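J.: The structure under discussion is supplied below as structure tokens; questions concerning it will follow.
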Amino acid sequence: MRVTERVRRPLLRATALLSALTLAVSGCTLRWNAQEGTGRGDIVIGGSFALSGPLAVTGVVGAGAQAYFSRVNAEGGVRGRKIRFQLLDDAYDTSRLTANMRRLAEQDGATLVMAFGGPAISIRPYLASRKVPMVALAGQSPFSDVRAFPYARAWWPDIAQEGRIAGSFLKSEFPGAKAGLLGLNNDLTPSQAAGLESAGLTLAKTIKVAPNVVDLGPQVNELRAAGVDVLFLSVGGAAQSAVLRLMAQIGYHPKVMLYSAQSEYTTTLKPAGPAAEGVYTTQWAKDPADPRWADDPMVRQFTADMDEYGHSVDRDKLLALNGYGAAAAVVEALREAPDLTAEGFLESWDSLRGAPNPALLPDLSLNGGPDGRLIRTYQVQRYDGRTWQRENTP
Amino acid sequence: MTSEPLLRVDGLTARYGSVQVLHDVSLDVREGEMVALLGANGAGKTTLLRAVSRVVSTGGTLTLDGADLTRLDTIGAARAGIGHVPQGRGTFGELTVEENLRLGSMGRPGSLRGEAESDLERVHEMFPVLKEMRRRPAGALSGGQQQMLALGRALLARPRVLLVDEPSLGLAPRTTAELFEALAGIRASWSTAVLLAEQNARLSLRVADRAVVLARGGVARSCAASELSDEAELRAAYLGTTPVRTTAAKRGSAEPAPRDPGTAPRTDTDAEEASR
Amino acid sequence: MTEFIQQILAGLAAGVVYAGLALALGVVFQGTGMLNLAQGELATLSAFGAWSLVEAGMSFWLAFPAAVLLSAALGAAVERVLVRPVEGAGPMVLLAAGAAMLLGLNALIALVWDTDPKTFASPFGASSVGVGEIRLTSQQVGAAVLVLVTMGVIAALFRFTPVGLKLRAVATNPDSARLLGVRTGRMLALGWALAGAVGAVAGTAAAPIAGLSPEMMAGPLLLALAAATLGGMTSRGGAVVGGLIIGVAGSLASRYVPGLGGDLQLVVPFAVIFAVLLLRPQGLFGRAATVRA
Amino acid sequence: MSAPTTASRRSLPWPWIAAVVWALAVPFLFSDYDLLQLSRVWSVALAVASLNLLSGYAGQVSAGHGALFGLGAYTGVLLVGEGGMPWPVALLGALVLCLGAGALLGLPALRVDGLGLGLITIAVAALFPLVVTRFESLTGGAVGYALGAPPLSAPGWTGLADAQFAYLVVLAVCGVAVLGLRNLTRGRFGRSLEALRTSSLMAVSNGVETRRLTLTVFALSAGVAGLAGALNALALTLVTPDTFTLAFSLTLLAASVVGGTRSWAGAIVGGAFVTYLPQLMSDNMGGGSSGQWAQVAYAAVLLLVLYFAPRGVVTFVRAGLARLGARRTREKTA
């Protein structure tokens, strides 16, 4: 009896450990049934965005996309097949983004995947090896290099292009002015600076700040002391409106051009209040909260869909409409595609001509091209205190 | 004063983890009486004081003025009137001397609030150095001065029973004498009983009314201080050579005390006696 | 030259908020020996609370004290419920508990108030005060006054009141305080309540400048840690001085130290932490003897 | 299994044998995606084990192991990407570089302990992503650095898929490293660590060269953390600064405490906790704010473990099993 007792206890521990480990991997799928193809079933579209963590504010694009895909399914789907939109959270952490992409590509058999901003740049090699197309909601210039990564497309226009248009406008509107750039220390700022300078605008001062630094008093003082009277502002989130308010308060009134993705009504203009009057931005998409689009049929459809499919809390956010528009572009490409393979989708995406889109400004349309983007034109706008007014760009 | 003693300890046991340190200790302290708790190092003196002030968990009965102390925690016991000057004096180094003293008098019963100022004056008279250095941080005081501060602080809380743990530890003879002189005067002017745990038997017996000698966690001898006045009696009580004549003996032998390396050197007779 | 003075003023204004948080960190550390990583989130929660009250129509000068009191109650509750079970459990467990509260509170705030930034209408109007080019916004001045007054009140409470004496006693020698009948548990909870209150003032004062978002206090908390270390974790006055120095050093360095720039502004406070801990671990004003292990 | 009773030392450590057999079978059972996740679990577990060596066994506090993990990750990827080195050399390079970094980090530890050390390591953890972003030319800045071909690719003769090979490499290296750490803490080095942990004063008086020992244990712990980082990065084939923030360092610290700061099996539980829990939570809590709820649940689990299993989940379960075992034997013999 004594001997079995001495062996039995470690055995007890061994079985406990084994059961714990098996339980842990119960969520895994067995090797042989992981490769089911995308036959006649749903069209699987994957999306990995920051639904939590410090940059959760960007995750709203997922909500917009989900609303659009839900409506498409309600109206019979694409070519008779429903769209299954797998929305995953990566908290803007690339290791989780990588894991999500592998799961979408290898396990869920996604026809195409969507991702957001900078991190999407680093996932391109993997997706290329799996031949899974990606639509990145991002404007960084590297995405225009389609030759290097044939399976990656970007939904936003190229920031350098935005910089060029903004730069040439500011140069012509305020000749001889001293220009400055206040941006984050992330991947956006180099693209923006390159764009502005390519339009011949010399940047007297370029300041980069860390993302969660919101009190930018020292930086504004530095700009003022350097005599900057035309400022390109792209510090994101709460800092954007805080800087506008601070400058107004200390009586420093440079001409301000906001980065297009950070000129949102709800997060920048309203919080900045009167200090926002007279600022410029370049736009290619509509801001649902801008009273100018109050009775625009497409925006009304957008807000109806957001309420319908459980995202009413985000119905007035620029990024939500943006995600909604990206989903519309994807569906448009899928509808026109010769077949529902990766190559078919990409070919259709690149050959879109004059296609309408709910997120775009009225007289813009989707046009494919060698840079993998669908939009290349921006319109300079000026905020008159109530709504954006279009400026006549050169 | 044959009424119920102020502090009654009966059949008290205490343990640290698995090691039992006190075995069936019984003693009592009457109103206004000073009892010297003697015994070698490690005999359990400090543990007994910590048991009374509820710092250590115990078995057996423990009453103050008839009320059961075992139900209370350290804070409850202090508020019920148990003052405790701990080994190492418990000085609040960062606070000034005056703040240390004021902290003591804040713990006094509501009814005596009015006498706080006059009591402080009396402590200043008892220990003039505390008045001179009242602005200084208590951490800067010498060992002796900190002991006086600890005593003054405890008295200002107007306890019913004051437990004083090895006040003479690490003090120069002259300061020790001064301290014991003050101790002698406490009972009269502060109407508090005192249970004084001390190794320095000679000085303690001079100020105490009764003496209790602890050996290896049990009460070896309990008698009037005068009975232990001469040398031989004292050494016998410490070394336990004379038969154990205390209340413990009547109730049968205590459990065999564990071999405690710290105690005084054992002679054969002790081993045989203790095991009975 | 004017820019130099302007940078110093901007640094001081920012430094006041760090000082407030550093004082809260110091009070909690002295009491429970815990580095309260969640202090930033608690301050953010108070700011959001005050914002909701103002949105609900309450005047700022009613909502602000209400938020401070609520934060004090919350601080005591956090100590009693979340911290008491792990007290005296060693630095690793205390740090882990702090990290858990940081993550939990941050997510709860994002859930209740959504993640997009909101504005906190400044109760001090939108004007600015100063001489010529050297301007300080009314919020900066108002915020500085609010935080400094609060720190003054708390310093006085610690220095001159019986409760303050008990708080300090429990912080330095809890066992001896128990022997005098001081309810140590209650004092620890009170310490956390005071930390919650001064954190609330710092958070609500910073909100108009920084704008309300769940990430509002992420940066300032790191700077407050540096300030508390510089000033001396065990000295309340030190935390205030430390905060101001860090604020000024941060704004000057990012401007005048070549190559540092805005994004490495965080290097400055941490260079300070390194230097202080190596040269004078107890900080400028702390006492070496009482540095808790 | 910090101090095995004499009984089980003689009988085979069944639990560890079962675990190894199971771990070797996995690559042939589960899909590539799951192998990637498990590779992440093992590499994070190794980082937690390195933190256990430092905090559990040597009593030093570190809230900055995420930065060392990141340094190893960047070194590994850059050695392969820029230096064109094969993966074993990259792993070795990461180990050596982080050993040096650990020794540097150990210097302040000689003068400061407990809280001060916590602060310094927090500073390192907060600064690492900012500094990496700044040196854009080398590290690729905020966008990070991605490797074209996966470095841990299976050589032809093995007939394995890349993910399987990568998993086995990660498993082997982690297994060897954890076993090394475990034996290290058993021998003479372990006993002097114990002396350092209980009280460095007492250790000095007993002739333990505390200065040298502290630096060694810091270097070792950092080196292994860097190795873990390199393994993680090579499995993921890319690195970005956002992965190695202060929050990640605090997560490692939490995982070490959850698994038990002195338990090697606990490090594996800690690794799984860090990798799976956020994903698990956000999967079955759908809806827009699922990510936030996942973070709340994550914090709640952490606090519950701190309260009810302060010596870690594994010790808690083992104590439960022991009680279960003991009760059964008592019933039999009663």
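J.: Yes or no: A:L233 outside the structural domain of A:L55 (by TED's automatic domain parsing), modelled with pLDDT of 90 or more, crowded, with 24+ Cβ neighbours inside 10 Å and not small (G, A, S)?
T.: yes
J.: Answer with yes or no whether A:G139 is of a type outside the set (A, V, I, L, M, F, W, C), more than 10 Å from chain D (Cβ to nearest Cβ), surrounded by 24 or more Cβ atoms within 10 Å (Cβ to Cβ) and more than 14 Å from A:G59 (Cα to Cα).
T.: yes
J.: Would you confirm, using the coordinates I've provided, whether D:V44 is closer than 29 Å to C:G90 by Cβ and within 14 Å of chain A (Cβ to nearest Cβ)?
T.: yes
J.: When you go through (1) surrounded by 24 or more Cβ atoms within 10 Å (Cβ to Cβ); (2) under 17 Å from the mean Cα position of the chain (by Cα); (3) not in a helix (DSSP H, G or I) one by one for A:A110, which number turns out not to apply?
T.: Of everything listed in (1) surrounded by 24 or more Cβ atoms within 10 Å (Cβ to Cβ); (2) under 17 Å from the mean Cα position of the chain (by Cα); (3) not in a helix (DSSP H, G or I), A:A110 misses just condition (2).
J.: Within region C:188-203, does at least one residue satisfy the condition of being crowded, with 24+ Cβ neighbours inside 10 Å and either within 14 Å of chain A (Cβ to nearest Cβ) or modelled with pLDDT under 85 (or both)?
T.: yes
J.: What's the number of the condition D:L138 fails, among (1) in a helix (DSSP H, G or I); (2) touching a residue at least 40 places away in the same chain (Cβ under 8 Å); (3) closer than 30 Å to A:R103 by Cβ?
T.: The number of the failed condition is (3).
J.: Then there is this: Filter region D:84-118 for residues that are aliphatic (A, V, I, L, M) and within 13 Å of chain C (Cβ to nearest Cβ) and give the result.
T.: D:L104, D:L105, D:L107, D:A109, D:L110, D:V112, D:L115, D:L117, listed by residue number.
J.: Provide a single number: the residues in region A:90-119 that are in contact with a strand residue (DSSP E or B) (Cβ under 7 Å, 6 or more places away or on another chain) and acidic (D, E).
T.: The number of residues fulfilling the criteria is 2.
J.: Which of (1) in contact with a strand residue (DSSP E or B) (Cβ under 8 Å, 6 or more places away or on another chain); (2) aromatic (F, W, Y); (3) part of a helix (DSSP H, G or I) is the odd one out, the single condition A:F302 does not satisfy?
T.: (1)
J.: To continue, here is another question. Residues being within 20 Å of D:G144 (Cβ to Cβ) and surrounded by fewer than 24 Cβ atoms within 10 Å (Cβ to Cβ): count how many of those fall in region A:145-155.
T.: 4
J.: If you don't mind, another one. Please determine whether any residue of region C:110-132 is within 14 Å of chain D (Cβ to nearest Cβ), in contact (Cβ under 8 Å) with a residue 40 or more places away in the chain, more than 20 Å from the chain's Cα centre (by Cα) and within 30 Å of D:G259 (Cα to Cα).
T.: Yes, that holds for at least one residue.
J.: Ok, one more. Among the residues of region D:141-155, are any more than 14 Å from chain C (Cβ to nearest Cβ) and in a helix (DSSP H, G or I)?
T.: Looking through region D:141-155, at least one residue is more than 14 Å from chain C (Cβ to nearest Cβ) and in a helix (DSSP H, G or I).
J.: Turning to a different aspect of this structure: With the requirement that a residue be crowded, with 19+ Cβ neighbours inside 10 Å and outside any helix (DSSP H, G or I), what does region D:289-323 give you?
T.: D:S289, D:A309, D:G312 - these are the residues of region D:289-323 that are crowded, with 19+ Cβ neighbours inside 10 Å and outside any helix (DSSP H, G or I).
J.: Where residues in region A:291-314 are touching a Pro at 6+ places or on another chain (Cβ under 7 Å) and under 21 Å from A:T268 (Cα atoms), which of them is surrounded by the fewest Cβ atoms within 10 Å (Cβ to Cβ)?
T.: Top of the filtered list is A:T303.
J.: Find the helices (runs of 4 or more DSSP H) located wholly in region B:188-276 whose residues include 1 or more that are under 20 Å from B:A51 (Cα atoms) and at pLDDT below 50, and list them.
T.: Answer list for region B:188-276: B:247-250.
J.: Let me ask something else. Given the residues D:F218, D:F273, D:F244, D:F248, which is the only one that is aromatic (F, W, Y), within 9 Å of another protein chain (Cβ to nearest Cβ) and buried (at least 21 other Cβ atoms within 10 Å of the Cβ)?
T.: Of D:F218, D:F273, D:F244, D:F248, the one residue that is aromatic (F, W, Y), within 9 Å of another protein chain (Cβ to nearest Cβ) and buried (at least 21 other Cβ atoms within 10 Å of the Cβ) is D:F248.
J.: Can you confirm whether A:G372 is closer than 29 Å to A:L258 by Cβ, buried (at least 16 other Cβ atoms within 10 Å of the Cβ), in contact with a Gly (Cβ under 6 Å, 6 or more places away or on another chain) and in contact (Cβ under 8 Å) with a residue 60 or more places away in the chain?
T.: Here the answer is no, as A:G372 does not meet what is asked.
J.: Check C:V149, C:V182, C:V145, C:V163 and return the single one that is without any contact (Cβ under 8 Å) to a residue 60 or more places away in the chain and not in a helix (DSSP H, G or I).
T.: C:V182
J.: Name the strands (runs of 3 or more DSSP E) wholly within region A:122-214 that hold at least 1 residues that are in contact (Cβ under 8 Å) with a residue 24 or more places away in the chain, outside the structural domain of A:N367 (by TED's automatic domain parsing) and more than 18 Å from the chain's Cα centre (by Cα)?
T.: Passing ranges, in order: A:179-184, A:203-209.
J.: Only one residue in A:D229, A:D287 is more than 11 Å from chain C (Cβ to nearest Cβ), of a type in the set (D, E, K, R) and under 24 Å from the mean Cα position of the chain (by Cα). Which one?
T.: Matching residue, one of A:D229, A:D287: A:D287.
J.: Kindly indicate which of D:V143, D:V132 is crowded, with 17+ Cβ neighbours inside 10 Å, within 22 Å of D:A225 (Cβ to Cβ) and among the β-branched types (V, I, T).
T.: Going through D:V143, D:V132 in turn, the sole match is D:V132.
J.: Given the condition more than 27 Å from A:S70 (Cα to Cα), more than 10 Å from chain C (Cβ to nearest Cβ) and out of contact with any strand residue (DSSP E or B) (no Cβ under 9 Å at 6 or more places or on another chain), answer yes or no: does some residue in region A:247-266 qualify?
T.: Yes: region A:247-266 contains one or more residues that are more than 27 Å from A:S70 (Cα to Cα), more than 10 Å from chain C (Cβ to nearest Cβ) and out of contact with any strand residue (DSSP E or B) (no Cβ under 9 Å at 6 or more places or on another chain).
J.: So, one more: I want to confirm something. Restricting to region A:77-107 and keeping residues that are within 25 Å of A:G41 (Cβ to Cβ) and among the aliphatic types (A, V, I, L, M), which single residue is surrounded by the most Cβ atoms within 10 Å (Cβ to Cβ)?
T.: For region A:77-107, the residue satisfying everything is A:L104.
J.: Do you know which residues across region B:109-132 are hydrophobic (A, V, I, L, M, F, W, C) and not in a helix (DSSP H, G or I)?
T.: Answer for region B:109-132, where residues must be hydrophobic (A, V, I, L, M, F, W, C) and not in a helix (DSSP H, G or I): just B:F127.
J.: Given the criterion more than 10 Å from every other protein chain (Cβ to nearest Cβ), within 28 Å of C:M187 (Cβ to Cβ), outside any helix (DSSP H, G or I) and of a type in the set (K, R), identify the matching residue among B:R54, B:R135.
T.: Answer to the check: B:R135.
J.: Just wondering, is there one or more residues in region B:164-181 that are within 15 Å of the chain's Cα centre (by Cα) and assigned to a strand (DSSP E or B)?
T.: Taking every residue of region B:164-181 in turn, at least one turns out to be within 15 Å of the chain's Cα centre (by Cα) and assigned to a strand (DSSP E or B).
J.: So, D:T121, is that one under 30 Å from C:A89 (Cα atoms), among the hydroxyl-bearing types (S, T, Y), part of a helix (DSSP H, G or I) and within 10 Å of chain C (Cβ to nearest Cβ) or not?
T.: yes
The values are calculated or read from the model by the stated rules, or taken from the named source; none is laboratory data. Computed from a prediction, not measured in an experiment: that's the story for all the values here. Using ideal geometry, Cβ is built from the backbone for each residue, glycine included, and neighbour counts are taken over all protein chains shown.
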